[in-house]
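The values are calculated or read from the model by the stated rules, or taken from the named source; none is laboratory data. Owing to the predicted nature of the structure, the values given are computational and were not obtained by experimental measurement. Every residue, glycine as well, gets a Cβ built from its backbone with ideal geometry; the counts of neighbours run over all protein chains shown. Heavy atoms of the whole protein, side chains included, go into the accessibility calculation; ligands, DNA and RNA do not. Shrake-Rupley method; radii C 1.70, N 1.55, O 1.52, S 1.80 Å.
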Amino acid sequence: MLGKLFLNHYEAVAVILFGIGMTNLLLQRNLIKKIIGLNIMDTAVYLFLAAKGFVEGRAAPILISNGSGGWLNSSDLYVNPVPAGLVLTGIVVSVSVTAFSLALALKLYEYYGTLNIDEALMKMTEEQVELETTIEKAEEDVLAS
Amino acid sequence: MHEELKNIWKNFFNWVLGNGPRPENEVIPPDPPPDLPFTQKPQDKYSRFHEATIKERYEQWLEIHGLHIFSILYSGLSILTCVVIVCLLLATVAELPPFGHERNPANNEVIRRYVEHGGHETGAQNIVAGLILDYRAFDTFGESAVLFTAAVSVLMILGASRRNKLNKSPSLKSETTSRNFLQRGPPSLDEPILRGVASLSIPAILMMGCVVVINGHLTPGGGFSGGAILSTALILASNAYGPERVHEFYNERTFIVSSSTALMIYALSKGYSFFTGANHFHSIIPKGTIGNIFSAGLILPLNICVGLIVAGTLYTFYSLFSKGDL
Amino acid sequence: MIIIEWLLLIFLIVCAIAVSISKNLLNSVIIFMNYSLVMAVIWVLLRSPDLAITEAAVGAGVTSVLFFLALRKIGQIGHEKENQNKN
Amino acid sequence: MINIFAFNIPFASIFLLMITAIVTPLLPKKNRFNEKFSCCVIGLVAILSAYLLYALTNGGQSLAFNFSMGHFPAPWGNELRAGPLEAILALFFCVAMLLSLTGNFSSTAEDIAPNRRQIFCVLVNLLMASLLALTYTNDLFTAYVFIEINTIAACAIVAVKEGAGTTRAAIRYLIMSLVGSGLVMIAICLLYDLTGHLLMQNMHGAIQVLMVTKEYTMPLTVALALITVGLGIKSALYPFASWLPDAHGTSTNASSAILSGLVLKGHIFTIIKIFYRVFGLDVIHYLRMDTAIFIFGLVAMIMGSVHALRQTNIKRMIAWSSVAQVGYIFLGVGLNTVAGVAAACLHIIIHACVKPMLFTAAGGLSAVAGHKKNLHELMGTFYINRWAGLGLIAGAFSMMGIPAFAGFASKLSLTMASFDHPFIVWSLATLATSSVLNALYYVPAVIVVLTKNKNAQNKITAPEPTTLYKFSMFVFLSLNFYLGLFCMPLLRLITRGVNVLQ
């Protein structure tokens, strides 16, 4: 297995990065770090995919002129273009998602003053309790008067 | 022997309940020095004449150590998850077809056609550009839609609310804006070096971006990377000359109109292509000769549209994130 | 060539772990920026120049700028004291 | 074969919605014109889908066709695929979306600031377009891209109602969804590497070859498991459903209805497509994924109801009930037979009609109780807004599985599907338990709503429900009875659709 992993070293590194990124995304408590984890996870997948398209000894998928007005288009010359296309799409998706989640994180910070969801939850429940007690007090006051 | 056991048990029981005499082996806390101010003296509850019940002790302990334990648990859990996922995937990777081998399942007839006929079928020299904007154009259309969705959502989340708040309390307006702006000093006024460099480099960056966009079907790059480069020119301009100057020609309305129009052109031209393709109609769009600027059918205009959308969207992101408005 | 490849790959892993354990958010973002740049180099090695350009412009450029702006907005840049409880 | 008009409908419906989304920001905001315009477009798409269904099943035949997106045939270009099942789902998705929007037309105006409503329209259109694309697509990577659109749009329509709670809910939802997307993406990469294709039927062929040669069994299993977990997170399969009650409970009524009724279903249908178009029944069985799904379904049915029992907030209760209902769908999928999948699809449709009705009704009831959402505060609200009360009662009876209501039909079909299956005892026992649990929390809600409030001073003078609200509720109710009483023709159609799905 180790030998095979050594052979597939790009993929192996990619899945390690994927694991790290996903763990960050799931279990970091700070939102900014979660989002960085998301980015690491996405780039790891893209690395995996790009490594899958690589073929030893072939050129980048841009047609090369054969010197007499034609183009060399033998499929033995170029690496697989499909992963590159998919990853291009994926990068756009990941930057969109990053921007969106950062915007939400800023909004959360605006409301709670923290980037930690658990803390935000705690603050919210505290606020609710406070609100309820003030309402109860107000009601009691009304009743007393 | 029996009595002793009973005694020990009784002492233990009392210790748990928190009443009765102290066990022999308990460490007596030293008395506080007499000159300590009254507020810092240990409370009655914790003096050595009163013992806490086990519940109180547990709560006290939890209060002090709970967060710590929780974070240790959290990081332990995260490391465990990481290790499990990584091991599972590593085992999978070891089974996969070998890296860089030309007989892998992915190198099949699909790739052969892309490479061998991609040139004259799409007219693009850059096979990847032909792939994403012609063979698999639906994905790319979806990708632009993702960008559009994200831009609209960010605009909604950061843009609209701020305006509401300002409307509610106009007195706060100057204060909040200045606080957000001045955190790093005023960006525009006293920075001759920045402005000098910007005036030199902005045309160069714009040129570079345009080249990358326009040559997307010939060389690496294309609408997306070119658009990102163009947006950096806008960001630089906004930093050097102040956001107000950029705002004069690029505001929310411009953004929405330009990106909606560009996306619309994109959608309609791709829709035409999808429609004719599926119904086996002949498309009137010429492919041109490979290698020329005006070749590859729709790819050049599509790249320009994507470039516009991306440049606008990324600048919008920048603008919304830095000052919460466009 | 192979040595460079391995160095870059190991650098990636180190960066990823460093991002996760770094206490300062600004450091994390800077490390992540380096990570993206190295990723761009790796894509050149994998013969995908399109990806390399895009990653350099987007991953190292725009995404990092967004992160910096977000950090500035929440006052994490320039106010070191606040960072301690926000790790 | 099929006429050229019907042939272009799948493409046209996705495109119409996309273009509507793109032009909506340019339309005038006055008089809520853009919202009405979006509703009209969705209605138009519903009519088109109905016509497509008619054309596909006309005269006893069941057709399916592939629509190549562009000038290049199957393994090279993208493709859409439409069969009876896709057409039915598209029809019901459009109807449910339209009714959720019209039914909550006034509550949307209360909850969402005017300058955000336009963007809400854009997002709704994008969401609908992505749902239809997920329904029709024949290509895994396209599915991934549209899943992402779906995710962002769904999170954004949670956050569209301004407030601290919705922001928090949206972030939780987003993070869980992103984990799911990551898993789906890496699974798609694995599948691409093993098969060399992205189109579903080509992948299916390559996997059949791999199964014969017994190569790469382990990576295939891992890929399948990752895809199932990834999409399971997005479709709120029980242990991964922790995001759901927050997201569905805090957002505005229209968003809750859309999320619960449609977004979950889009992902579940993607799972079904991947199972039956990419892998195939026998491969799923060989890789033991059917048992796993079945067990997840059982657990979800019980645990969703148990969680719902503990809620006091009516919207959160309905949200947790969604988790249980998703369990029913996965139970059907886990049976791994044509009848099971057909029952699951029937339940998708029924739940897509009933859950938006419940949310709309709950919204109407809490509106008359002064926007309070706790159950005990809704006492006697039936007598103030009778349409909403009727909706809640019908929805509750439907979820309990009372005969003549929609939910009964799906339970019946699930029971019938599990008859000649080794897991019959388990599935029947869980169906019974889950129905009892459903009754345990829905019946008190109904009783509270029907109890006359003696405290006259608490009486709130509520505005009369709008005509649009009454109309939507009426359509919801009639759909509910239609599905409950005459579901057999629909089930037959679905079975035909499932048969041509592979």
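Summary of computed values
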| read-out | value |
| --- | --- |
| Computed accessible area, A:F54, all protein chains, 1.4 angstrom probe, square angstrom | 10 |
| Shielding score for D:116-122, defined as the mean number of other chain Cβ atoms within 10 Å | 4 |
| Rg/Rg_globular for the protein assembly as shown, with Rg_globular taken as 2.2 N^0.38 Å and Rg from C-alpha atoms | 0.97 |
| Which listed pairs, of A:K137/D:K315; D:K29/D:K470; A:K52/A:K107; A:K33/D:K30, have C-alpha distances above 32 Å, in listed order | A:K52/A:K107; A:K33/D:K30 |
| Modelled FRET efficiency - R0 45 Å, A:E56 with D:T415, Cβ distances, 0.05 increments | 0.20 |
| Pairs of alpha carbons in the stretch C:2-82 whose separation is greater than 16 Å (percent) | 56 |
| Whole-Å distance, taken between Cα centres, linking the stretch D:319-373 and the stretch B:76-109 | 37 |
| Peptide ranges C:48-56, B:56-64, D:327-335 listed from the most packed, as the mean C-beta count within 10 angstrom indicates | D:327-335, C:48-56, B:56-64 |
| Spatially proximal aspartates and glutamates relative to D:K161 (Cα-Cα < 15 Å; intrachain offsets below 8 disregarded) | D:E110, D:D111, D:D246 |
| Summed residue charge, Cβ within 13 Å of D:I9's Cβ, Lys/Arg positive, Asp/Glu negative | 0 |
| Rounded Å value of the spacing that divides the Cα centres of the stretch B:200-235 and the stretch B:261-278 | 24 |
| DSSP beta bridge pairing in the protein assembly as shown, given as percent antiparallel to the nearest 5 | 85 |
| Within the stretch A:28-42: backbone nitrogen closer than 17 Å to the B:F70 label point (7 Å, Cα to C-beta) | A:28-31 |
| Segments D:394-406, D:338-350, D:70-82, D:31-43 sorted - mean Cβ within 10 Å per residue, highest first | D:338-350, D:394-406, D:70-82, D:31-43 |
| Per-residue average of Cβ from other chains inside 10 Å of B:69-78 | 3 |
| Computed E for D:Q208/B:V211 - FRET, C-beta separation, R0 45 angstrom, nearest 0.05 | 0.40 |
| For residues of D:209-219, the mean tally of beta carbons on other chains within 10 Å | 2 |
| Other-chain or far-sequence residues with amide H under 5 Å of D:M69's (modelled H) | D:N78, D:E79, D:L80 |
| Spatial separation of Cα centroids for the stretch D:21-54 and the stretch B:126-152, in angstrom | 24 |
| Whole-number Å³ per residue for the convex hull built on Cα positions in the stretch D:4-501 | 131 |
| Peptides ranked, highest mean first, by Cβ atoms within 10 Å: ranges D:88-96, D:297-305, D:121-129 | D:121-129, D:88-96, D:297-305 |
| Where labels lie 7 Å past Cα in the beta-carbon direction, separation of B:N7 and C:I4 in nm | 8.1 |
